[in-house]
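For reference, the structure is listed below as structure tokens.
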Amino acid sequence: REWPESARREYLARAPELYKMRGTRAGVREIIELYLRHASGEAASPNSEDTTTGHRLFFLDRSDIDQIRGSTGVDVFESLLPNDRSLAIFCGPFESERHQQAVETIVATETPAHIDATVHTLDEECILGKDTLLGLNSKLGTQSFSLGDATLGKDSYLGASD
């Protein structure tokens with residue numbers, strides 16, 4: 001009832017499509033994106049490929065952990081998923097507490113009863129840009145992280161490519 005009118009209209013127009021995806025990761029993502037798109041005042045066409053809402057939205061479940069097994073820091077991810085029925089959803093930044101509560105309500109109502117889903121709020125953004133000098137004005141922690149095939153760690157150097 002508290003969704004923006006434009007979000008309710010789109011939700012009703014897409015109800016058959018959304019109902020087919022109910023209880024799936026894709027279905028939860030679609031409804032969260034629908035809400036955030038309208039709550040942010042950026043209502044775009046539901047069929048456009050540009051569904052950017054200005055929010056970050058990531059899902060993590062056990063199948064994702066199996067794909068990164070053996071990587072540094074996998075314990076941190078496993079701690080977010082206490083059992084095989086766990087789902088961690090990372091979303092944010094939120095414009096208000098009301099928007100965060102709306103996303104938590106969507107997750108609670110759209111995930112199956114046997115799934116333990118938790119919403120983790122993402123508040124800050126980390127941007128590595130042209131003025132980023134590792135070791136001078138920024139640091140990487142002792143753990144490493146991967147960007148595709150490249151792994152960045154304590155002794156990494158980012159330079160210009162030829």
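The values are calculated or read from the model by the stated rules, or taken from the named source; none is laboratory data. What you see is a predicted model, and the numbers here were worked out from it, not measured in a lab. Every residue, glycine as well, gets a Cβ built from its backbone with ideal geometry; the counts of neighbours run over all protein chains shown. For the accessible areas, the whole protein counts, side chains as well, though only heavy atoms, and no ligand, DNA or RNA atoms are used. Shrake-Rupley method; radii C 1.70, N 1.55, O 1.52, S 1.80 Å.
Okay, residues lined up against (1) out of contact with any helix residue (DSSP H, G or I) (no Cβ under 6 Å at 6 or more places or on another chain); (2) open to solvent by 40 Å² or more (accessible area, probe 1.4 Å); (3) at pLDDT 70 or above:
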| site | (1), (2), (3) |
| --- | --- |
| Arg69 | yes, yes, no |
| Ala88 | yes, no, yes |
| His99 | no, no, yes |
| Thr105 | yes, yes, yes |
| Ala108 | yes, yes, yes |
| Val119 | no, no, yes |
| Leu140 | yes, yes, no |
Contacts under 9 angstrom Cβ, first residue in the range 10-30 being at positive phi, partner surrounded by 14 or more Cβ atoms within 10 Å (Cβ to Cβ) and in a loop (DSSP other than H, G, I, E, B), 6 or more apart: Gly23/Thr111; Gly23/Ile115
Within the range 1-39, considering residues that are assigned to a helix (DSSP H, G or I) and of a type in the set (Lys, Arg), the one surrounded by the fewest Cβ atoms within 10 Å (Cβ to Cβ): Lys20
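Go through the residues of the range 51-64 one by one and say whether even a single one is more than 21 Å from Asp116 (Cβ to Cβ), touching a Gly at 6+ places or on another chain (Cβ under 8 Å) and either at pLDDT 85 or above or surrounded by fewer than 17 Cβ atoms within 10 Å (Cβ to Cβ) (or both).
Within the range 51-64, the first condition is being more than 21 Å from Asp116 (Cβ to Cβ), and the residues that meet it are 51-56.
Restricting the remaining residues to those that are touching a Gly at 6+ places or on another chain (Cβ under 8 Å) gives 55-56.
Applying the additional criterion that residues be either at pLDDT 85 or above or surrounded by fewer than 17 Cβ atoms within 10 Å (Cβ to Cβ) (or both) yields 56.
Yes, some residue in the range 51-64 is more than 21 Å from Asp116 (Cβ to Cβ), touching a Gly at 6+ places or on another chain (Cβ under 8 Å) and either at pLDDT 85 or above or surrounded by fewer than 17 Cβ atoms within 10 Å (Cβ to Cβ) (or both).
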Failed criterion for Leu81 (all others in (1) in a loop (DSSP other than H, G, I, E, B); (2) within 17 Å of the chain's Cα centre (by Cα); (3) at pLDDT below 85; (4) surrounded by 14 or more Cβ atoms within 10 Å (Cβ to Cβ) hold): (3)
